[in-house]
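Have a look at the structure below, then the notes.
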Amino acid sequence: MKFRAICQNHLYHKAYEKGKRAVTPSLAVYVLPDYQAKRLAKAHPQKIVMNRIGLTVSTKIGGAVVRSRVRRILRAGLQDVMKKRPLKTGFLIVIAARGAAKKKKSTDIAAELFTAFSAISMFEGQS
């Protein structure tokens, strides 16, 4: 599944300030309802309401090669989680990597994302 990316900086800041947060040792997940979701669904060819997802990896974690590797691992972990259980739609989701993420594998990240999304109750069927 392709992700719809968060492209504006102010949306990241809104998610950080006003969104629900779940923190694990190697990542932090911020979730905020997306008020533009219905407008974006009208522009989508299949009229689907989607989540917009942003991945952030700070320069504190390492150089460009390390940050790119961590981003790839975050994407792979997110895809694993979404294959197992679908997420609720119509949200801004920001996943921020922490220092411990550079030593993890995608299966470890997937497990942490699963616990973080469970804590925020982002899976379909959770209230």
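No lab work stands behind these numbers, since they all come straight from the coordinates. This is a predicted model, so every value here is computed, not measured. As a convention, Cβ positions derive from the backbone with ideal geometry for all residues, glycine included, and neighbour counts pool all protein chains shown.
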| field | All positions within the range 114-123 that are free of Cβ contacts under 8 Å to residues at least 60 places away in the same chain and either in a helix (DSSP H, G or I) or in contact with a strand residue (DSSP E or B) (Cβ under 7 Å, 6 or more places away or on another chain) (or both) | value | Phe114, Ser118, Phe123
| Which listed residue is of a type in the set (Gly, Ala, Ser), more than 21 Å from Arg4 (Cα to Cα), without any contact (Cβ under 8 Å) to a residue 40 or more places away in the chain and part of a helix (DSSP H, G or I), from Ala41, Ala111 | Ala111
| note | Over the range 77-95, the set of residues under 16 Å from Asp108 (Cα atoms) and among the polar types (S, T, N, Q) is Gln79
| request: Give the number of residues within the range 27-47 that are closer than 16 Å to Ile93 by Cβ and either surrounded by fewer than 12 Cβ atoms within 10 Å (Cβ to Cβ) or not aliphatic (A, V, I, L, M) (or both). | output: 5
